[in-house]
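What follows is a single structure, written as structure tokens, with notes after it.
The values are calculated or read from the model by the stated rules, or taken from the named source; none is laboratory data. Just so it is clear, the model here is predicted, and its values are computed rather than measured. Positions of Cβ are generated from backbone atoms using ideal geometry, with glycine treated the same way; all protein chains shown enter the neighbour counts.
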Amino acid sequence: MTPVTVKSGDSPLVLGLPHTGTFVPGEIFARLTPLGQTLGDTDWHVDRLYDGLLDGVTTVRANFHRSVIDANRDPSGVSLYPGQNTTGLVPMTNFDGEPLWMEEPDAAEIEARRVAWHAPYHAALEAELKRVRAIHGVAILYDCHSIRSNIPFLFDGTLPDFNIGTNNGATCAPVIEAVVSGICAGAEGYSSIVNGRFKGGWTTRHYGRPADKIHAIQMELAQSTHLAAEELPFAYDEAKAERLRVHLKTILTSLADLAALVGGQS
């Protein structure tokens, strides 16, 4: 299994898909607990949710599961949310704080996994962002995520449907955040928040450099927006998803249209 699948397009928009992969090498899978082997913390069906919404969009998808290594974590292992419960570069627990490993990987193994899986994904993502920027003078990274809407270990209460992250405005031009948040706020029947519990993971924070003509924004969707239930088998709900895809299409189309504007800004 190759670490990453890239579909190159001619749009100024690049979709990152770091958490939809479910491949786990056999020797790693055997060391997961039965709970870990369910791969429950996958961003279920997010690749399907965005498929076909924007012509010419580039997609960069990690094929490996986050249990192998998390493609949206700082490769140094530094926490994205100091002082808050979270999962690391190789998660030792699931999102409910329950152990994932019968035998936890040590530092040497984690580094080997970083080199084999994390690094190729980010090499591909960086290459695509630079390629797109060379075509358009600007690139916009839209990082695609989903998570269960109720996870007491990670946050209180129920998560909004649309969770927009720009690291408090640092990773993209203000107009990008404003347009996306405006679309989400206007989506009837859905709730939204900007830079709430999820402010953008390592991918958004690392690549979002507006001064270098690369803008990044993260979208964390509550899984209740497109799944039949937020539990195994995490089945895709076609009717829910189609309602949601209308708004996601508007977001992607609007971001592509914004590229000329933000590309001309200094």
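Consider PHE64 against the criteria (1) of a type in the set (Phe, Trp, Tyr); (2) within 20 Å of ALA235 (Cβ to Cβ); (3) surrounded by 22 or more Cβ atoms within 10 Å (Cβ to Cβ): it satisfies all of them except one. Which criterion is unmet?
Of everything listed in (1) of a type in the set (Phe, Trp, Tyr); (2) within 20 Å of ALA235 (Cβ to Cβ); (3) surrounded by 22 or more Cβ atoms within 10 Å (Cβ to Cβ), PHE64 misses just condition (2).
Please go through the stretch 14-50 and give me each residue that is assigned to a loop (DSSP other than H, G, I, E, B), under 17 Å from VAL4 (Cβ atoms) and either of a type outside the set (D, E, K, R) or free of Cβ contacts under 8 Å to residues at least 24 places away in the same chain (or both), ordered by number.
Correct list: PRO18, HIS19, THR20, GLY21, THR22, VAL24, PRO25, THR42.
Filter the stretch 201-238 down to residues that are in contact with a strand residue (DSSP E or B) (Cβ under 8 Å, 6 or more places away or on another chain) and of a type in the set (Gly, Ala, Ser) and give me whichever is nearest to VAL14 (Cα to Cα).
Here the residue is ALA216.
Can you name every residue in the stretch 232-244 that is in contact with a Gly (Cβ under 9 Å, 6 or more places away or on another chain) and either surrounded by 15 or more Cβ atoms within 10 Å (Cβ to Cβ) or part of a helix (DSSP H, G or I) (or both)?
Across the stretch 232-244, the qualifying residues are PHE234, ARG243.
Looking at (1) surrounded by 15 or more Cβ atoms within 10 Å (Cβ to Cβ); (2) on the phi < 0 side of the Ramachandran plot; (3) modelled with pLDDT of 95 or more, which is the one condition that is false for GLY200?
The failed condition is (2).
Does any residue of the stretch 218-231 turn out to be closer than 30 Å to ALA134 by Cβ and in a helix (DSSP H, G or I)?
Looking only at the stretch 218-231, we keep the residues that are closer than 30 Å to ALA134 by Cβ, and these are 218-220.
In the following step, the residues that additionally are in a helix (DSSP H, G or I) were identified as none.
No, the stretch 218-231 has no match at all.
What do you reckon, is SER192 in contact with a helix residue (DSSP H, G or I) (Cβ under 6 Å, 6 or more places away or on another chain) and under 24 Å from GLY157 (Cα atoms)?
In short, yes.
Residue-wise test of (1) in a strand (DSSP E or B); (2) modelled with pLDDT of 95 or more; (3) not polar (S, T, N, Q).
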position: ARG66; (1), (2), (3): no, yes, yes
position: ASN72; (1), (2), (3): no, yes, no
position: VAL78; (1), (2), (3): no, no, yes
position: GLY83; (1), (2), (3): no, no, yes
position: THR87; (1), (2), (3): no, no, no
position: PRO105; (1), (2), (3): no, yes, yes
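Take the conditions within 19 Å of the chain's Cα centre (by Cα) and within 26 Å of ALA139 (Cβ to Cβ) and apply them to PHE95. Does it pass?
Working: within 19 Å of the chain's Cα centre (by Cα): yes; within 26 Å of ALA139 (Cβ to Cβ): no.
In short, no.
Which pairs have Cβ atoms under 6 Å, sit 6 or more apart or on different chains, and link a residue in the stretch 201-216 that is over 12 Å from CYS172 (Cβ atoms) to one that is not in a loop (DSSP other than H, G, I, E, B)?
Pairs that qualify, where the first residue is over 12 Å from CYS172 (Cβ atoms) and the partner is not in a loop (DSSP other than H, G, I, E, B), are THR203/GLY16; THR203/ASP143.
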